[in-house]
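**Student:** Encoded as structure tokens, here's the structure I'll be asking about.
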Amino acid sequence: MNDGTSRYRDPASAPDYGHGFHAGNVGDAWKHLGLVEALRLSRPADGPMHYVESHAGEGRYRLGSTGEWSAGVERVAAAVDAAPPGAPEPVARWIELCRRLGYAGRSSTWAGSPEIARTLLGPGDRLSLRERDPRAHASLARLVADDPRVRVSLGDGLAALAEEARAAESAAASVLVLVDPPWTAKEDWIRVPDALADAVAATTRATFLLWYPVKSLTRPNAMLARLASRGLRSTVAELVTTPLELRRGGLNGSGLLAVRPPDGWTASMAASAPFVGAACATRRGAWSLRLLDSGDPPTGA
Ligand SMILES: C[S@@+](CC[C@H](N)C(=O)[O-])C[C@H]1O[C@@H](n2cnc3c(N)ncnc32)[C@H](O)[C@@H]1O
């Protein structure tokens with residue numbers, strides 16, 4: 001488990017990213033809410049489902065006494081408690097799941113996306129998880145060791161993305177792929193959309209969800225334009241909780257880009273955004289949702 005403090009005496013051996021520090025933040029909230037809805041709505045009437053994740057993380061994180069979670073899940077959970085039965089169903093469902101998986105505020109545990117998928121999938125379903133950092137991979141492998149449905153691989157999830165998705169599609173009635181990179185390098189804004197476009201081209205039915213951070217719209221818009229130039233059809237649900245002109249260097253929001261989303265997914269995100277946005281807005285009432293369907297030109301600058 002990652003408690004957000006460094007375990008690496010030699011900085012050269014440290015990974016360039018540890019998710020523990022960010023666990024439960026507003027980006028995780030938007031991503032996990034969208035993931036829960038995609039898993040629920042992609043469930044086939046018949047036959048197995050296959051969940052693929054290219055950047056799986058450690059699986060579980062210990063929340064400290066303070067941290068980014070207090071401006072993310074904590075605020076949404078408090079708003080749900082203050083609003084029954086007023087919270088939109090997807091939000092109430094996701095918060096209930098967080099609690100079932102151990103979330104209870106400070107010093108509790110935070111279930112990562114592989115834990116969410118393991119919980120919502122059935123006994124005949126499959127999960128293929130990939131993680132590049134050896135220590136995160138070891139934590140994840142320990143966590144799922146007793147689950148025969150799960151295969152965990154150590155390696156580059158982007159390089160394997162097209163092949164993993166194609167192989168999953170050949171054996172499952174429904175496939176959901178989550179791509180959740182750390183976005184630590186500028187080149188990610190080229191490498192990630194290119195790998196996604198290749199994987200979409202290698203498949204015919206799989207649903208893809210890509211999470212990305214929003215600091216300003218410059219990089220997200222360039223990425224969307226790059227994907228459009230590859231002919232990729234997608235839906236984007238982007239939630240901004242700090243006005244972009246106020247804090248250009250921070251995480252002001254995040255987007256989920258969905259390729260072949262299941263019916264109802266976009267409506268779930270649109271219904272959830274006002275509640276999550278109002279709860280997490282760093283300036284009271286100042287949140288915004290950008291919904292795009294491919295073909296629409298990116299808006300904003
Ligand atoms: C944002 S975290 C994943 C969080 C997880 N999806 C969740 O929601 O609980 C990103 C993870 O990707 C890993 N990573 C970075 N580059 C990678 C790559 N090319 N292939 C696979 N994993 C990678 C990092 O070590 C980190 O654990």
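The numbers here are math on the coordinates, done by the rules we state, and not lab data. Just so it is clear, the structure is predicted and the values come from calculations on it, not from any experiment. For neighbour counting, all protein chains shown are included, and Cβ atoms are generated from backbone atoms with ideal geometry for every residue, glycine included.
**Student:** Which whole-number percent of Cα pairs in the range 136-204 have a distance greater than 13 Å?
**Tutor:** Looking at the range 136-204, the distances longer than 13 Å represent 70 percent of pairs.
**Student:** What is the packing order of peptides 104-112, 184-192, taking the mean over residues of other C-beta atoms within 10 Å and listing the highest first?
**Tutor:** Highest mean packing first, the order is 104-112, 184-192.
**Student:** Something else: Fewest Cβ neighbours within 10 Å first, please rank Leu140, Leu101 accordingly.
**Tutor:** Leu101, Leu140
**Student:** Convert 10 °C to kelvin, take the viscosity as 1.306 mPa s, use the Kirkwood radius over C-alpha pairs of the range 186-301 as Rh, and evaluate the Stokes-Einstein diffusion coefficient in µm²/s, rounded to a whole number.
**Tutor:** 108
**Student:** Under a point-charge model restricted to the Cβ atoms of Lys and Arg (+1) and Asp and Glu (-1), what is the dipole moment magnitude of the range 198-279 relative to its Cα centre, in debye to the nearest 20?
**Tutor:** 240
**Student:** State log₁₀ I(q)/I(0) for the range 74-154 at q = 0.18, 0.21, 0.25 Å⁻¹ as given by the Debye formula over alpha-carbon point scatterers of equal weight, solvent excluded.
**Tutor:** -0.84, -0.98, -1.16
**Student:** Along the principal axes of its C-alpha atoms, what lengths does the chain span, in descending order and rounded to whole Å?
**Tutor:** 48, 45, 45 Å, listed from the longest principal axis down.
**Student:** On a full-extension model of 0.36 nm per residue, what is the gain between Arg43 and Ala271, subtracting their alpha-carbon distance, rounded to one decimal in nm?
**Tutor:** Going from the current span to full extension adds 80.0 nm.
**Student:** Which three extents, in angstrom, do the Cα atoms of the range 167-253 have along their principal axes, listed largest first?
**Tutor:** That works out to 48, 23, 22 Å along the principal axes.
**Student:** When the distances between all Cα atoms of the range 25-183 are binned every 5 Å from zero, what whole-number percent does each bin get?
**Tutor:** For the range 25-183, the binned pair fractions read 2, 9, 18, 20, 21, 15, 9, 5, 1, 0 percent.
**Student:** Within 10 Å, count the other beta carbons around each residue, average over each peptide in 48-54, 113-119, and list them highest first.
**Tutor:** Per-residue Cβ counts within 10 Å, averaged per peptide and sorted highest first, yield 48-54, 113-119.
**Student:** Calculate, axis by axis, the spread of Cα positions in the range 55-97 along the three principal axes, and write the results as whole Å, longest axis first.
**Tutor:** Result, largest extent first: 34, 23, 12 Å.
**Student:** Ser108 to Arg219: FRET efficiency via 1/(1 + (r/R0)^6), r the Cβ-Cβ distance, R0 35 Å, to the nearest 0.05?
**Tutor:** 0.60
**Student:** What does the extension gain come out to for Leu289 and Phe21, with contour length at 0.36 nm per residue minus their alpha carbon separation?
**Tutor:** Length gained between Leu289 and Phe21: 94.0 nm.
**Student:** Another question, if that's okay. Contact order normalised by length for the chain, with contacts defined as Cα pairs under 8 Å and 6 or more residues apart; what percent is it?
**Tutor:** That works out to 21 percent.
**Student:** At Arg142 and Glu187, where each label point lies 7 Å from the Cα along Cα→Cβ, what is the point-to-point distance in nanometres?
**Tutor:** 3.2
**Student:** Kirkwood hydrodynamic radius of the range 24-64 from all distinct Cα pairs, in Å?
**Tutor:** For the range 24-64, inverting the mean 1/r across all distinct Cα pairs yields 12.3 Å.
**Student:** Considering Cα pairs under 8 angstrom that are at least six residues apart, work out the relative contact order of the range 173-301 and quote it in whole percent.
**Tutor:** 28
**Student:** Another question, if that's okay. Over 25 Å apart: what share of the alpha carbon pairs of the range 105-262 falls there, rounded to a whole percent?
**Tutor:** 36
**Student:** Taking 8 Å as the Cα distance limit and 6 or more residues as the minimum spacing, I'd like the relative contact order of the range 146-206 as a percentage.
**Tutor:** About 50 percent, as a whole number.
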